[in-house]
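K.L.:
Got a structure for you, questions after.
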Amino acid sequence: MPDTPIPAPGERTVADVMSQPVVTAQPAETVALAAQRMRDRRVGSVVVIDHDDRAIGILTERDMIRLAAAGSDASSAKVSEWMTGDPDTIGPDIEARAAFSRLAEHGYRHIPVVEGSGNAQKLVGIVSMRDLMRVAMIQPATAQAHEVPKGLEGVVVADTTVGDVRGLEGFYHYRQYSAVDLAKSRPLEDVWFLLFKGRLPATLTEREAFMADIRPRRAIPPKVAAVLPEIARAGETFVPFDALRTAVSQYGATLGFRPSHDVDDATLRDNALSTCAVTPTLICALWRLRQRLEPIEPHPDLAYAANYLYMMLGEEPSAEHAAAVEKYLISTIDHGFNASTFTARVITSTGADLAAAVVGAIGALSGPLHGGAPSRALQMLDEIGTADRAEPWLRAAVERGDRLMGFGHRVYKTDDPRSLMLRDVAESLGGDKMDLARHIEATAVKVLDELKPGRRLYTNVEFYAGIVMDRCGIPRELFTPTFGASRMIGWCTHVLEQAADNRLIRPSAQYVGPPPPQPVPPIG
Ligand SMILES: CC(C)(COP(=O)(O)OP(=O)(O)OC[C@H]1O[C@@H](n2cnc3c(N)ncnc32)[C@H](O)[C@@H]1OP(=O)(O)O)[C@@H](O)C(=O)NCCC(=O)NCCS
């Protein structure tokens with residue numbers, strides 16, 4: 001690192017904090033052997049060396065997760081196939097704080113420490129983010145404060161193999177597959193399988209076995225069913241998503257979910273599968289109870305989406321409606337580190353139980369800036385009413401400082417791929433709202449471009465979602481819960497991932513109030 005400052009006197013260097021001797025591996029070794037060594041020596045990575053002890057790669061816990069997610073066998077996979085080759089290295093004389101910034105900037109967790117270069121390079125240690133952080137923490141807050149943008153925009157807070165969103169390209173994926181391609185070609189259960197198991201079911205038998213595992217879990221346990229009428233009818237007004245939050249909490253408590261910290265992976269997976277399976281049933285039961293209708297039991301022959309509509313509306317949906325809702329549900333299962341997913345991970349990082357994590361996530365998703373928008377987008381369509389009113393209505397709203405619901409996104413600065421897919425679905429379903437929706441979309445994009453130049457605001461998932469759900473008979477009040485039902489699968493996948501490689505998530509804040517310590521005044 002040539003541009004690194006010379007350490008000031010008394011400043012700690014990498015050599016002061018690095019670990020020695022380094023746990024190493026050979027490129028031709030199996031990943032299983034290297035992983036065993038990591039576990040035995042309680043380290044998070046091994047440096048891969050050649051015959052001259054030069055660092056030629058690094059294999060980390062992250063690579064193990066990638067390998068597991070790809071369904072590869074660690075006992076036959078070679079270290080050389082999974083390591084990061086030609087790794088970045090750092091010199092031992094570098095200031096620890098400068099090294100900390102570098103690791104943070106690149107997202108590294110470990111970096112080999114070497115002396116010399118080229119053929120004369122010698123591995124002398126390894127330094128971890130954690131070692132360096134201990135040194136950086138001793139500095140006053142101002143010295144360690146990173147320029148963290150408000151709302152944590154663009155800040156990388158974890159590694160994940162669940163999926164990602166590429167905002168500038170308008171692309172997002174679950175594992176290694178485009179989410180839109182999955183929605184167009186696979187049933188929801190396959191995508192659920194993919195997220196939970198890291199790969200798609202390979203055969204119809206595998207798919208059927210997974211569905212058979214889910215089927216009995218869709219039923220509401222009697223002790224939970226007994227309290228649903230009270231939850232559904234408690235308030236003057238009925239917010240189904242809030243009722244779901246209470247019901248899921250009750251469900252976890254009734255089934256005796258234990259802290260993720262205290263249970264093994266199999267138990268947590270079992271909790272996750274049951275919670276995802278029962279959520280649609282809970283939503284429909286709460287909704288029907290509020291209407292003074294009897295809840296409808298899950299239909300054993302119907303898959304997720306068709307069964308959801310059946311339990312809600314009391315009759316088997318058309319194949320067209322079931323397929324449209326299924327596409328919507330698949331497209332909303334996961335979407336990077338959005339607020340509710342992050343919430344679920346933060347709660348899991350404390351070791352709390354799975355219900356605690358997803359109940360928190362439901363709370364986060366309920367906000368109109370996150371999941372609460374689809375019914376508001378449709379409301380906007382109703383208020384505008386006719387095409388000729390669109391431009392003055394939208395212009396006045398933006399000039400007043402209102403947000404147009406169904407437009408804008410933290411990550412997408414181009415068309416939201418979910419919106420494009422759902423627009424096609426909405427178009428194929430037809431209906432009287434579609435022409436108006438397209439006109440409002442075009443006008444809003446033009447008005448936003450004019451009044452909010454450079455913000456790159458386009459339709460997000462919520463705009464056409466409302467139209468699709470409305471067309472398939474889903475009442476507006478159930479739009480956000482429907483989103484929550486599919487996102488439950490994403491949240492649970494993240495809970496499992498967080499629990500498998502956990503560290504308490506505990507950031508810091510910059511104190512900007514009156515300078516302490518002030519004398520505590522007497523009451524007066
Ligand atoms: C989704 C959303 C919360 C993302 O917000 P964000 O990344 O924090 O964006 P910001 O709040 O920083 O907004 C940036 C600018 O664009 C404007 N903007 C963003 N979305 C807008 C919208 N839907 N209508 C009007 N203006 C909008 C903001 O007013 C702000 O303008 P300013 O620079 O003059 O202050 C935001 O676009 C929004 O509120 N959309 C409407 C609600 C919605 O559809 N939610 C569902 C999301 S899937």
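K.L.:
Any residue that is surrounded by fewer than 14 Cβ atoms within 10 Å (Cβ to Cβ) and within 15 Å of the ligand (Cβ to nearest atom) - is there at least one of those in segment 428-440?
P.N.:
No, segment 428-440 contains no residue that is surrounded by fewer than 14 Cβ atoms within 10 Å (Cβ to Cβ) and within 15 Å of the ligand (Cβ to nearest atom).
K.L.:
Moving on to the next point. Looking at (1) at pLDDT 85 or above; (2) surrounded by fewer than 16 Cβ atoms within 10 Å (Cβ to Cβ), can you tell me which one M83 breaks?
P.N.:
(2)
K.L.:
I need a count of the residues in segment 185-242 that are β-branched (V, I, T), part of a helix (DSSP H, G or I) and touching a residue at least 60 places away in the same chain (Cβ under 8 Å).
P.N.:
2
K.L.:
Moving on. In the list E399, E391, E326, which residue meets the criterion of being among the charged types (D, E, K, R) and touching a residue at least 60 places away in the same chain (Cβ under 8 Å)?
P.N.:
E326
K.L.:
Quick check on my filter: what residues within segment 35-87 are hydroxyl-bearing (S, T, Y), farther than 23 Å from G163 by Cβ and outside any loop (DSSP other than H, G, I, E, B)? Even if it seems obvious, please write down each step before you answer.
P.N.:
Taking segment 35-87 first, the residues hydroxyl-bearing (S, T, Y) are 45, 60, 72, 75-76, 80, 84.
From what's left, farther than 23 Å from G163 by Cβ: 45, 75-76, 80.
If the condition is that a residue be hydroxyl-bearing (S, T, Y), farther than 23 Å from G163 by Cβ and outside any loop (DSSP other than H, G, I, E, B), then S45, S80 are the ones that fit.
K.L.:
If R456 meets every condition in (1) away from the ligand (no atom under 16 Å from the Cβ); (2) not in a helix (DSSP H, G or I) apart from one, which number is that one?
P.N.:
Evaluating R456 over (1) away from the ligand (no atom under 16 Å from the Cβ); (2) not in a helix (DSSP H, G or I) leaves (1) as the failure.
K.L.:
Moving to a separate point now. Within the group Y308, Y251, which residue is buried (at least 19 other Cβ atoms within 10 Å of the Cβ), in contact with a Cys (Cβ under 8 Å, 6 or more places away or on another chain) and among the aromatic types (F, W, Y)?
P.N.:
Testing whether each residue is buried (at least 19 other Cβ atoms within 10 Å of the Cβ), in contact with a Cys (Cβ under 8 Å, 6 or more places away or on another chain) and among the aromatic types (F, W, Y) leaves just Y308.
K.L.:
To continue, here is another question. Yes or no: A444 within 12 Å of the ligand (Cβ to nearest atom), surrounded by 22 or more Cβ atoms within 10 Å (Cβ to Cβ) and assigned to a helix (DSSP H, G or I)?
P.N.:
Criteria met by A444.
The values are calculated or read from the model by the stated rules, or taken from the named source; none is laboratory data. Since we're looking at a predicted model, the values are computed, not measured. Please note: Cβ atoms are built from the backbone with ideal geometry, for glycine as well, and neighbour counts cover all protein chains shown.
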